[in-house]
Amino acid sequence: MSPILAGVLQLIALVAALALAYRPLGDYMAATYSSRKHLRVEKIIYRCIGANPDTEMRWPAYLRGVLAFSLAGVLFLYLLQRLQGSLPLSFGFASISPDQAFNTAASFVANTNWQSYSGEQAMGHVVQTAGLAVQNFVSAATGMAVAIALVRGFSRARTGDLGNFWADLVRGTVRVLIPIAVIGALVLVACGAIQNFSGIHEVGQFMGGTQQTNGGAVASQEVIKELGTNGGGYFNANSAHPFENPNGFTNLFEVFLILVIPFSLTRTFGKLVGNVRQGYAVLATMGVIWLGFTALMMWTEFAHGGPALQAAGGALEGKETRFGIGGSSIFSVATTLTSTGAVDSFHDSFTAFGGGIQLLGMMLGEIAPGGVGSGLYGMLVMVVIAVFIAGLMVGRTPEYLGKKIGTREIKLAACYILITPTLVLGFTAASMVLPDALGSILNTKALGAGPHGFSEVLYAFTSGANNNGSAFGGLNANTPWYNTTIGLAMLLGRFLPMVFVLALAGSLAGQKPVPETAGTLRTEKPLFAGLLVGTILIITGLTYFPALALGPIAEGLS
């Protein structure tokens, strides 16, 4: 079987699996977030945290819950790392330095999972499981809660109420993430991923000699890092490591885990607003962008010019032979179009245009299908903008799902889409003029980094501000400058957009519904889905075009 055919068959199998899971999982999540009943374990949690899950919250109260919980997570994870040297099961690893502890705490709480360290050489079992793995669950549940709050903004009228953050957080964790994670971890263990608490030991090498390695609760952390679109690896090689991702089947299974909740949330959206065709329109938009990017990536990596690459069947440098170009391309696009920093190949070794596709996927806002929760609310913000543009074209007041898109709503949506480019381009520009920051570019001389060196810096801040977490590995980001600035980019890029999303949700929930008329834009039709795709590519894509021209485009044309 040719490598190209193998890649196409993997893509077909993945689409089929996602299609089978779409309706049942989407309906289950809709029932989860609309249920009035509380499980016994949930009641225990509410008593422990002192929350009343039946209290309705307006958007300021909902936002305070999000920020307070996330701040507590940052502080707890920071202290856990700073105290690592005194904790059991730490294998003698020293406590993490202040700047790196801040960076890692911000990273995992913000659902970014950017890592400027080698996990197996820095973190013991307690930090990995009680700190990082826990944040993998709750940061994903936080994103889902904010998305559901925005959906309630469209479905509710004249109340301003968005539900209860603590109930949404607990239900997303207990009823959605944990059950799927348990099943997924069993699948990974059955296929060869490790799950233990063993210490450091010597293992033999294929070419002779030995090396030190350590075990860990890898399968359980691997499954939630993918399912929650987190991305932090137990090992420095991340999902390219055979302990995390043993073979081609687990590779495809992990891609399925990355995509299944973000895609299925469109069904949840349709059910909660009472119109499943609206969910299908959003799904179609996500699917077109995802399939288009995947096809472009596979074409770029298989057809890259040069006799050596053509003899090898494509650009194989930095890719695992057990996954091949097809599997690596599918994984790469899935992670960069979602907020997942997991990698099964070396992104820095992709072709110039392949790296550009990875960058553009994140720059679009990771909305196709995006992160768990963040992809849906990001896409719905783009829907608001597309409806507004359509209203300007036909000369009538724009409306969506019976809610008018007025001055306040469009200002909030505009602020949402301006935050991330400001962070990415601002921090990148500063890094390219500071000698110490330029000195972190490892593959060339500091002041002659060229387009690829610029791409490495641009990728780092694009990944951080968009809460992705993957990296171009030629940049040494474990410095005070990058640890601090990327940490700030991750926190601001995660929580500032949530402010505007929840404010938008509150504004919509307080409106009186407007009746549908003959002039109402049919937002469930293919025409609107096409307009939405164009809006995403033009508004967000062109924002970054000058930076892309200086980086991957210049490198690819040179």
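Whenever you get a sec, compute what percent of the accessible area on region 113-245 sits on carbon and sulfur atoms (1.4 Å probe).
Numbers: 2540 of 4120 Å².
Answer for region 113-245 is 62 percent, counting heavy atoms of protein chains only.
In this simple spin-label approximation, residue 422 and residue 52 carry label points 7 Å from Cα along the Cα→Cβ vector, and these lie 3.7 nm apart. Give me log10 I(q)/I(0) at q = 0.10, 0.11, 0.17 Å⁻¹ for region 367-492, Debye formula, one equal scatterer per alpha-carbon, no solvent. Results for region 367-492 at q = 0.10, 0.11, 0.17 Å⁻¹ read -0.43, -0.50, -0.85.
Pairwise Cα distances in region 428-558 exceed 20 Å for 61 percent of all pairs. Entry comment: accessible area of region 244-372 is 27 Å² per residue, from protein heavy atoms only and a probe of 1.4 Å. Note on residue 322 and residue 415: with the Förster distance fixed at 60 Å, the Cβ-Cβ geometry gives a FRET efficiency of about 0.85. Looking at region 431-558, the accessible area is 40 square angstrom per residue; that uses a 1.4 Å probe and ignores ligands, DNA and RNA.
In region 426-558, carbon and sulfur make up what percent of the accessible area (probe 1.4 Å)? If you can, show how the numbers build up before the last one.
Working: 3760 of 5300 Å².
Result for region 426-558: 71 percent of the exposed heavy-atom area is carbon or sulfur.
Per residue, region 89-219 exposes an accessible area of 33 Å² to a 1.4 Å probe, with every protein chain left in place.
What number comes out for the charge environment of residue 281, summing +1 per Lys or Arg and -1 per Asp or Glu over other residues with Cβ under 11 Å away? Working shown, then result.
Working: positive: 277, 522, 525; negative: 524.
Within the 11 Å Cβ shell, the charges total +2.
Net charge of the neighbourhood of residue 66, taken over other residues with C-beta under 11 Å away and scored Lys/Arg +1, Asp/Glu -1, is +1. Mind checking Rg over Rh on the chain, alpha carbons, Kirkwood formula for Rh? Result: Rg/Rh = 0.96.
Between residue 407 and residue 8, the modelled label-to-label distance comes to 5.5 nm, taking each label 7 Å out from Cα in the direction of the beta carbon. Taking only alpha carbon atoms, region 10-90 gives an Rg to Rh ratio of 1.14, where Rh is the Kirkwood radius.
Working out 0.36 nm times the residue gap between residue 525 and residue 213, then minus their Cα-Cα distance, what length gain in nm do you get to one decimal?
On the way: separation 312, 0.36 × 312 = 112.32 nm, distance 5.45 nm.
Between residue 525 and residue 213, full extension yields an extra 106.9 nm.
Here the 3J(HN,Hα) profile of region 507-521, calculated from phi with Karplus coefficients 6.51, -1.76 and 1.60 at θ = phi - 60°, is 4, 5, 5, x, 7, 8, x, 9, x, 6, 10, 5, x, 5, 5 Hz, Gly and Pro shown as x. Shown is the FRET efficiency for residue 41 and residue 182, computed with R0 = 22 Å from the Cβ-Cβ distance and rounded to the nearest 0.05: 0.95.
Its residue count N sets the reference 2.2 N^0.38 Å, and the alpha-carbon radius of gyration of region 63-212 equals 1.29 times that reference.
Each label point was placed 7 Å from the Cα along the Cα-to-Cβ direction; for residue 31 and residue 189 their separation is 2.8 nm.
Between residue 430 and residue 23, 0.36 nm times their residue separation minus their Cα-Cα distance comes to what?
Extending this stretch completely gives an extra 141.9 nm.
The values are calculated or read from the model by the stated rules, or taken from the named source; none is laboratory data. Bear in mind the structure is a predicted one, so any value in this text is a computation, not a measurement. With ideal geometry, Cβ positions are generated from the backbone for all residues, glycine too; neighbour counts draw on all protein chains shown. When the accessible area is computed, the model is the full protein with side chains, heavy atoms only, and any ligands, DNA or RNA have been set aside. Shrake-Rupley method; radii C 1.70, N 1.55, O 1.52, S 1.80 Å.
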